[in-house]
Amino acid sequence: MDEKLQPILDEVLRRNAGEEEFHQAVREVLESLGPVVARHPAYADGALIERLCEPERQIIFRVPWVDDHAQVQINRGFRVQFNSALGPYKGGLRFHPSVNLGIIKFLGFEQTFKNALTGLPIGGGKGGSDFNPRGRSDAEIMRFCQSFMTEMYRHLGEYTDVPAGDIGVGGREIGYLFGQYKRITNRYEAGVLTGKGLVYGGSRARTEATGFGAVFFVRQMLATRGTDFDGKHATVSGSGNVAIYTMEKILQFGGKVVACSDSGGYVVDESGIDLDLVKQIKEIRRERISEYPRLKGASAHYIEKGRIWDVPCEIAMPSATQNELNGKDARQLVQNGVIAVGEGANMPSTPEAVRIFQEAGVLFAPGKAANAGGVATSALEMQQNASRDSWSFRETEERLERIMCNIHDSCADTAEQYGSPGNYVLGANIAGFVRVAEAMRALGLI
Ligand code: NDP
Ligand code: 2IT
């Protein structure tokens, strides 16, 4: 770590005691910034980096709601408005029992750099709740979303803060949240949330965007080694929004997906994962992935609690959650001949895993670059809302593809300029940082 940056990290650790995921995210970025601070010392002036590590605003609120047995339940809601130098705060909402302030801060911090990488005018934010949607009825989900928005609406606005989905928040939840926002404010302010349904202001290709974008990014990485997805075996962890559309695009590019998972375990299908069946189980029936072999038959097996990374593959795309791929998993993947790892999730690989991939010469795409297609398409949704327009699937997907190619090239070029060709972690962190830092410098002491 650079000697100017170490005290900044020490202060972040001291001031945010116990927030391990936030520490991990900040440490990784600061470890990348040494070369840029050496070349452009002005970026370290005016406590700019210290300000970047401190959220502009952190909101925590009570979310009371009534369950189907007429019992009152209490959850905690969060919105961390991390950085608005480039545009309104932008980032998803996560509903999962593991949510706490440190998790939302790590996600908001990552989001700031990711959004900068898209080149679009969006700042960084993140929110959510420790609410567990698992096993809750539609009516309970709706009451929870309404209560959550009844507090959060006052902090939002199309020019202020624009949430979207993340783990546990998809089209259904965004609909209930938007309905309540509209009701409270008496404004049809479509640009206040993204990931909306197509009938009320959503964008085509937003549902697919994160997974599709991650695969576009990995395709560009593979091309630097003269290869592609065709005929390759891929493993995709998770079976939610990001995982499903990652699998879809891998299949379109001629790859074969051999395994996917949920938090209970993973399935391996020798004949290739049947994506229609996964969509049926996850998107429609909202069931566990353990149902898959029962419906598919002999080619598939379910391994309860196992490590999906034991399954041999050439391309691995962790698309479930943070720190789901550790050093041991990385060694196993390398031993099994993995050539590329693309992070669909936010920070799914532990620092040790990242180091192992890089030392083994595996192409490695960090989440803040590889999964930026979701938020980029959210920004395209905001553009359509602002112009009261609606683009075709093809046009929207083409724009997404161009954005992902640009992000790939800017990470690759930046890594090269700073003397670490092929290091997409360094490239993404520096390219994202420079854009936010330039804006912050221009805006005075903010
Ligand atoms: P979903 O809720 O649709 O799916 C999440 C998937 O990950 C589920 O299969 C879930 O399994 C699994 N999962 C979640 N938490 C854990 C855990 N603690 N341990 C093991 N498995 C877990 O979420 P998304 O697909 O939207 O999000 C997945 C990742 O992608 C997250 O890291 C998110 O931050 C990131 N991301 C999402 C974007 C988006 O647009 N949605 C954009 C960019 C990044 P189970 O059902 O058993 O909980
Ligand atoms: O992590 C992410 O980038 C998201 N969950 C999507 C955020 C967004 O505003 O579309």
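Looking at (1) farther than 22 Å from GLU248 by Cα; (2) within 15 Å of ligand 1 (Cβ to nearest atom), can you tell me which one PHE212 breaks?
Failing condition for PHE212: (1).
Considering only residues that are free of Cβ contacts under 8 Å to residues at least 60 places away in the same chain and under 18 Å from GLU31 (Cβ atoms), look in the range 351-387 and name the one that is nearest to ligand 2 (Cβ to nearest atom).
ALA353
Within the range 317-352, which residues are within 15 Å of ligand 1 (Cβ to nearest atom), touching a Gly at 6+ places or on another chain (Cβ under 7 Å) and outside any loop (DSSP other than H, G, I, E, B)?
Listed by number, the list holds a single entry, MET317.
Out of all the residues in the range 205-213, is one or more on the phi > 0 side of the Ramachandran plot and at pLDDT 95 or above?
Yes, that holds for at least one residue.
Is it true that THR112 is outside any strand (DSSP E or B), polar (S, T, N, Q) and more than 24 Å from GLN180 (Cβ to Cβ)?
yes
In the range 230-257, which residues are in contact with a strand residue (DSSP E or B) (Cβ under 8 Å, 6 or more places away or on another chain) and either of a type in the set (A, V, I, L, M) or away from ligand 1 (no atom under 16 Å from the Cβ) (or both)?
GLY231, LYS232, HIS233, ALA234, VAL236, ALA243, MET247, ILE250, LEU251, GLY255, LYS256, VAL257
Out of all the residues in the range 221-247, which are in a helix (DSSP H, G or I) and either modelled with pLDDT under 95 or crowded, with 18+ Cβ neighbours inside 10 Å (or both)?
MET221, LEU222, ASN241, VAL242, ALA243, ILE244, TYR245, THR246, MET247
So how many residues does the range 254-264 have that are more than 21 Å from ARG94 (Cα to Cα) and surrounded by fewer than 17 Cβ atoms within 10 Å (Cβ to Cβ)?
Summing the residues that are more than 21 Å from ARG94 (Cα to Cα) and surrounded by fewer than 17 Cβ atoms within 10 Å (Cβ to Cβ) in the range 254-264 gives 1.
If a residue must be away from ligand 1 (no atom under 12 Å from the Cβ) and either closer than 24 Å to LEU325 by Cβ or among the hydrophobic types (A, V, I, L, M, F, W, C) (or both), how many such residues does the range 258-278 contain?
Total satisfying the criteria: 9.
Quick check: anything in the range 324-331 within 16 Å of ligand 2 (Cβ to nearest atom) and under 22 Å from the mean Cα position of the chain (by Cα)?
Yes, some residue in the range 324-331 is within 16 Å of ligand 2 (Cβ to nearest atom) and under 22 Å from the mean Cα position of the chain (by Cα).
Which condition from (1) over 20 Å from ALA431 (Cα atoms); (2) touching a residue at least 24 places away in the same chain (Cβ under 8 Å); (3) not acidic (Asp, Glu) is the one that TYR43 breaks?
Single failed check for TYR43: (1).
Any idea which residue in the range 145-167 is farthest from ASN132 (Cα to Cα), counting only those that are of a type outside the set (D, E, K, R) and within 11 Å of ligand 2 (Cβ to nearest atom)?
Among them, the one singled out is VAL162.
Across the range 87-108, which residue is farthest from LEU13 (Cα to Cα) among those that are surrounded by 23 or more Cβ atoms within 10 Å (Cβ to Cβ) and more than 13 Å from ligand 1 (Cβ to nearest atom)?
Here the answer is TYR89.
Can you give me the number of residues within the range 118-139 that are part of a helix (DSSP H, G or I) and either within 11 Å of ligand 2 (Cβ to nearest atom) or out of contact with any helix residue (DSSP H, G or I) (no Cβ under 9 Å at 6 or more places or on another chain) (or both)?
So the count comes out to 1.
Which residue pairs have Cβ atoms closer than 9 Å, lie 6 or more positions apart in sequence or on different chains, and pair a first residue in the range 155-184 that is free of Cβ contacts under 8 Å to residues at least 12 places away in the same chain with a second residue that is within 15 Å of ligand 2 (Cβ to nearest atom)?
LYS182/VAL192
The values are calculated or read from the model by the stated rules, or taken from the named source; none is laboratory data. Small disclaimer: the values here were computed from a predicted structure and weren't measured. Virtual Cβ from ideal backbone geometry, glycine too; neighbours counted across all protein chains shown.
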